[in-house]
Amino acid sequence: MAAEQIAATAVEELNPFHIVQQEIRQAVEAAGLPAAVAEILQEPARVVAVSFPVRMDNGEVRLFRGFRSQHTFALGPTKGGIRFHPQVTLDEVKALSMWMTLKCGVIGLPYGGGKGGVICNPKELSQGELERVSRGYIRAIAAFIGPDVDIPAPDVYTNAQVMAWMMDEYSQITGRPVPAVITGKPIILGGSLGRNEATARGCVIVIREAAREIGLDLQQATAAIQGFGNAGSIAARLLSELGVRVIAVNDSRGGVYNPDGLDVAALVRHKQATGSVAGFPGSQPISTEELLTLPCDILIPAALENQITAAVAERVRARIVAEAANGPTTPEADVILTAHNILVLPDILANAGGVTVSYFEWVQNLQQYYWTEQEVNQRLEALMVKAFRSVYSTYREKNVTMRRAAYMVSLARVAEAMKSRGWL
Ligand code: GLU
């Protein structure tokens, strides 16, 4: 092998778009599906790249850039969140939309995948600027979305308030109220009860099912969580309610560790008051790398992509890795975790609770009849357990990783839809 080639293979592939393309190709082959399925899914069906001016509080005009990727319409309209982050790229948004297709397929939702992103740092924007960015982005993509075309939702650094502005802007453009154009809205505007905690709740349901399979007693278990946003902080609370000791968490500003278990409710209050988990009384500081490699039973990456690299994976000492984030484990790291007998609950299963309750929200908006929180949670429980069962049995029967099994289950559905449409 030439020196450059050796160097190239030694560098881990970290472009999520290439990673998901390759995962799809391999899973289509492993599942014995027609090669045309992988061919069709290699690129999003439609990608919109936009730029839009926003007047900042100091009177200056700044141009913002954003994207919306709509992966496939084989199963129905596309669905997926909008991310506000300084490192958003087109390839990242494309990859995230492809993961959404796979996620919807695992659960059996009547959607293809979509994803949007705006390159910005919401932490540096005032509320007024954030509102104008949110509305500006929706004006720019309005012609390409709609309740039966593409339905956005929250993602990294966007929330119910951002969804409210976006829904309002879209409704003003179309001249009628359109709650079903976006999910993750405030309850008063047609949001669903249970949506806010759905990603974490779904994740904890699959952890519970997996723990049962491997004989892990949650009452005796410990967990470390990377990321303390919507998914991470609520997963911490729900796990501690099940008797799990949450021993370490972090966020973008720092991490905290207490081997006896952190008081999650107090930690949430500390973050609300100070903006970070860092400096939580009674805890020791911990770096991201230390957190990811801490001896514990359950490790939950709940932040961004490519956090568990090959080098980190060598030192992961958890029994279960539950991917609340999208794409947190690199393919090389995946191989290492599997070799070390660590059960990886893949993102497209482990964090699918969010889009599942988004689907419930959309259904409630369309029928204009709203369910109780208990009904929402029961339906979520039923779909998550069913999805876990089918992925887990494929994993056992086909002797593949849980990720490959989840892809196989999902792609079989997408392929069936394509075949029925006459695409194959
Ligand atoms: N952004 C979330 C995800 O990555 C939720 C998407 C949705 O609710 O449509 O799954």
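What a 1.4 Å probe finds exposed on the stretch 112-183 is 52% carbon and sulfur by accessible area, rounded to a whole percent. You can think of it this way: the chain between Leu424 and Leu242 has 60.9 nm of extra reach, that is 0.36 nm per residue less the Cα-Cα gap.
Think of a 1.4 Å ball rolled over the protein heavy atoms: the stretch 214-290 then has 45 Å² of accessible area per residue. Here the chain is treated with +1 on each Lys and Arg Cβ and -1 on each Asp and Glu Cβ, and its dipole about the Cα centre works out to around 840 debye. Of the cross-linked pairs Lys79/Lys271; Lys94/Lys386; Lys103/Lys398; Lys103/Lys185; Lys79/Lys185, which ones have a Cα-Cα span greater than 23 Å in the structure shown? From the list (Lys79/Lys271; Lys94/Lys386; Lys103/Lys398; Lys103/Lys185; Lys79/Lys185), the Cα-Cα distance tops 23 Å for Lys79/Lys271; Lys94/Lys386. The H on the amide N of Gly113, modeled in the peptide plane, is under 5 Å from the matching H of His71, Thr72, Lys79, Thr101, each at least 5 residues off or on a different chain. Taken per residue, the accessible surface of the stretch 1-141 reaches 41 Å², heavy atoms only and a 1.4 Å probe. Here's how it looks for Ala221: its modeled amide H is under 5 Å from those of Arg245, which are all 5 or more places away or on a different chain. Principal axis analysis of the Cα atoms in the stretch 250-376 yields extents of 50, 39, 22 Å, listed in decreasing size. If you filter the stretch 220-317 for GluC sites (Glu not before Pro), then keep DSSP loop positions with at most 16 other Cβ within 10 Å, what is left? Within the stretch 220-317, the qualifying GluC sites (Glu not before Pro) (loop, at most 16 other Cβ atoms within 10 Å) are Glu314.
Per-atom-type breakdown for the stretch 374-417 gives carbon and sulfur 45% of the accessible area (1.4 Å probe, protein chains only).
What shape does the stretch 190-326 have by the C-alpha gyration tensor, where a ≥ b ≥ c are the square roots of the eigenvalues, rounded means a/c under 1.5, and otherwise prolate means a/b greater than b/c and oblate the rest? Because its axes are fairly even, with a/c under 1.5, the stretch 190-326 counts as rounded. Computed about its Cα centre, the charge dipole of the stretch 354-424 is approximately 520 debye, with only Lys, Arg, Asp and Glu carrying charge at their Cβ.
Kirkwood radius and radius of gyration were both taken over the C-alpha atoms of the chain, and their ratio Rg/Rh is 0.95. Using the Karplus relation 6.51 cos²θ - 1.76 cosθ + 1.60 with θ = phi - 60°, the per-residue 3J(HN,Hα) values for the stretch 153-164 come to 6, x, 8, 3, 6, 10, 8, 4, 5, 4, 5, 4 Hz, with x marking Gly and Pro. When nucleic acids and ligands are ignored and a 1.4 Å probe is applied, Phe144 ends up with an accessible area of around 70 Å². Just how far, in whole angstrom, is the stretch 125-143 from the stretch 279-336 if you go by their alpha carbon centroids? Rounded to whole Å, the Cα centres lie 34 Å apart.
The Cα atoms of the stretch 30-179 define a convex hull whose projected area, averaged across directions, is 9.3 nm².
Looking at the stretch 60-162, the GluC sites (Glu not before Pro) that sit in a DSSP loop and have at most 13 other Cβ atoms within 10 Å of their own Cβ are Glu60.
The values are calculated or read from the model by the stated rules, or taken from the named source; none is laboratory data. Predicted, not measured: the structure shown is a model, and the values here were computed from it. Glycine also receives a Cβ, built like all others from the backbone with ideal geometry; neighbour counts cover every protein chain displayed. Side chains included, ligands, DNA and RNA excluded: accessible areas come from the protein's heavy atoms. Shrake-Rupley method; radii C 1.70, N 1.55, O 1.52, S 1.80 Å.
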